Amino acid sequence: MAAIEPAVAQGRRVVVCVSGGIAAYKAAEVVRALVRCGADVRVAMTPAATRFVGPDTFAALSGHRVLIDLFDASGEVAHVELARGAELAVVVPATADLLARMAYGHAGDAVAATLLTVTCPVLVAPAMHTEMWEHPATRANVDTLERRGVTFVGPERGELSSGDVGIGRMAEPDDIVTAALTLLARGQDLAGRRVVVTAGGTQEPIDPVRFIGNRSSGLMGYTIARAAARRGAKVTLVSGPTNLPPPPGVELVRVRTAEEMHDAVVAVAPDADVIVKAAAVADFRPQKSSPVKLKKAAGPPEVRLEPTVDILAELGAHPELRKPGGLLIGFAAETEADPEALARVAEDKRASKGADVVVANDVGSSDSGFNVPTNRAVIATARGTRDVGLVTKAALAEALIDEIAGLLAEA
Ligand SMILES: Cc1cc2nc3c(=O)[nH]c(=O)nc-3n(C[C@H](O)[C@H](O)[C@H](O)COP(=O)(O)O)c2cc1C
């Protein structure tokens, strides 16, 4: 991770949530480091965490009372008070049980209730025995949280408290602090920017009930839209049909066909500082669509195809359709896992489509591309190519927005 200036934490409100694992004692180091960076740190603990380390340690290090009891006697609704001003929540360590409570939206203790109330980025440092981390229940909870945009740091492979060696050891306090500073630095770097994101596949009708579509779930585009909104952008999401809930704070424009997507994007392009074309738009559509359902008894229909409009190429070739200085970002779906091949595709497509950035991602492997929470990708910009590797779509979205924010800052 790149070195981040500790000054980004100056005066920023960080809520540190401590849950009940052996690694809880290391949370004291994280609190101390954040306080040294100038952060205004408040601590909440689960009752189980207090069995491992005393609340007085955190009160002394943070200079504030520690929230443990949900029914705190102070008169205010303490978890709401704690959550409201938070610019970052750091969960250190996160037990398997707390990950499950977070995934299911529980609010039965002060930590879970605070984490359900915060609207800021959440950083989680899990620590548990290997079997707990690898259990399908924990895997599913982690997937759920990552999809919601929670950032994970660790766990790592190493010696566990039991003396066993395996995955589950909490990330080192230094790495947790670096990850926290990175999230604080991201803050609102797209504030005041208008971002258009396209997502999902299109459906090209054959008749009123049948269409030609593709396997895109829309998750990549929705994740980018959510991340951009959280980083301060005013986001319009132009979406083909998906099963995903609209991300909070994002304007959603629903479309079905490539032509509808084209019209919706062209309508908002003149105001967009950034256009991210993450949708899997059909390249071909039936020349004719029957107005009535084709009868099975009539035998297999002959469906002749014609090309659809290439929205990315059109926006690339006609800068007058876009805001001056605006960035155009395309995706290339490839059945390639080799980073060098992905880099070549990304570079070629960037040049041929007139895009500023192209993300080439592998849609041919079971762990990457359509309908999975992870993606293997290479990002090409004028500065060169960056192999992001196999990461969660949330992490890829943040990496892409880091590039976008960098390019906007340079312009
Ligand atoms: C000695 C001891 C060590 C534990 N260490 C861990 C741990 O590292 N990770 C974990 O997920 N649970 C661990 N547990 C289990 C949790 O403490 C337990 O699930 C508890 O209910 C978690 O509560 P909390 O999530 O509210 O903090 C440990 C339990 C004991 C008794």
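The values are calculated or read from the model by the stated rules, or taken from the named source; none is laboratory data. Here the structure is a predicted model, which is why all the values come from computation and not from measurement. No Cβ is skipped: glycine too gets one built from the backbone with ideal geometry, and neighbour counts run over all protein chains shown. Note: accessible area is taken over every heavy atom of the protein model, side chains too, but ligands, DNA and RNA are not part of it. Shrake-Rupley method; radii C 1.70, N 1.55, O 1.52, S 1.80 Å.
Summary table below
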| read-out | value |
| --- | --- |
| Flag if Arg226 is part of a helix (DSSP H, G or I), in the same structural domain as Lys393 (by TED's automatic domain parsing) and either of a type in the set (Asp, Glu) or open to solvent by 30 Å² or more (accessible area, probe 1.4 Å) (or both) | yes |
| Residue that is at pLDDT below 90, over 15 Å from the mean Cα position of the chain (by Cα) and closer than 17 Å to Leu88 by Cβ, where the choices are Asp175, Asp189 | Asp189 |
| Segment 373-406, residues that are open to solvent by less than 30 Å² (accessible area, probe 1.4 Å) and in contact (Cβ under 8 Å) with a residue 60 or more places away in the chain | Asn375, Thr392, Lys393, Ala394, Leu396, Ala397, Glu398, Leu400, Ile401, Ile404, Ala405 |
| Residue among Ala227, Ala233 that is over 21 Å from Val363 (Cα atoms), without any contact (Cβ under 8 Å) to a residue 60 or more places away in the chain and not charged (D, E, K, R) | Ala233 |
| Only listed residue being within 16 Å of the ligand (Cβ to nearest atom) and under 15 Å from Gly21 (Cα atoms), chosen from Leu70, Leu116, Leu145, Leu99 | Leu99 |
| Residues that are more than 29 Å from Val209 (Cβ to Cβ) and of a type in the set (Asp, Glu), drawn from segment 233-282 | Glu251, Asp271, Asp273 |
| Yes/no for Leu61 being in a helix (DSSP H, G or I) and open to solvent by less than 20 Å² (accessible area, probe 1.4 Å) | no |
| Any hit, segment 198-212, residues being assigned to a helix (DSSP H, G or I), at pLDDT 95 or above and either closer than 30 Å to Arg322 by Cα or not assigned by TED's automatic domain parsing to the domain that holds Glu334 (or both) | no |
| Scope segment 83-98; condition assigned to a helix (DSSP H, G or I) and closer than 20 Å to Tyr25 by Cβ; matching residues | Ala96, Asp97, Leu98 |
| Scan of segment 184-233 for residues that are within 30 Å of Leu34 (Cα to Cα) and among the acidic types (Asp, Glu), ordered by number | Asp189 |
| Residue among Gly158, Gly154, Gly166 that is at pLDDT 90 or above and within 16 Å of the ligand (Cβ to nearest atom) | Gly154 |
| Number of the condition not met by Lys349 [criteria: (1) touching a Leu at 6+ places or on another chain (Cβ under 9 Å); (2) open to solvent by less than 30 Å² (accessible area, probe 1.4 Å); (3) not aliphatic (A, V, I, L, M)] | (2) |
| Those residues of segment 1-33 which are away from the ligand (no atom under 16 Å from the Cβ), at pLDDT 95 or above and within 16 Å of Val118 (Cβ to Cβ), in sequence order | Val14 |
| Flag for Arg51 being within 13 Å of the ligand (Cβ to nearest atom), in the same structural domain as Leu145 (by TED's automatic domain parsing) and open to solvent by 50 Å² or more (accessible area, probe 1.4 Å) | yes |
| Selection status of Glu334, acidic (Asp, Glu) and at pLDDT 95 or above | no |
| Residue identified as crowded, with 24+ Cβ neighbours inside 10 Å and at pLDDT below 95 among Ala233, Ala278 | Ala233 |
| Which listed residue is more than 25 Å from Asn141 (Cα to Cα) and in contact with a His (Cβ under 9 Å, 6 or more places away or on another chain), from Phe58, Phe71 | Phe58 |
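So that you can scan it fast, the table gives a plain yes or no per residue for (1) of a type outside the set (Phe, Trp, Tyr); (2) in a helix (DSSP H, G or I); (3) open to solvent by 10 Å² or more (accessible area, probe 1.4 Å):
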site: Gly154; (1), (2), (3): yes, no, yes
site: Gly158; (1), (2), (3): yes, no, yes
site: Asp174; (1), (2), (3): yes, yes, yes
site: Leu184; (1), (2), (3): yes, yes, no
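So that you can scan it fast, the table gives a plain yes or no per residue for (1) touching a Gly at 6+ places or on another chain (Cβ under 9 Å); (2) open to solvent by less than 30 Å² (accessible area, probe 1.4 Å); (3) not aliphatic (A, V, I, L, M):
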| residue | (1), (2), (3) |
| --- | --- |
| Ile22 | no, no, no |
| Arg32 | no, no, yes |
| Pro55 | no, no, yes |
| Leu67 | no, yes, no |
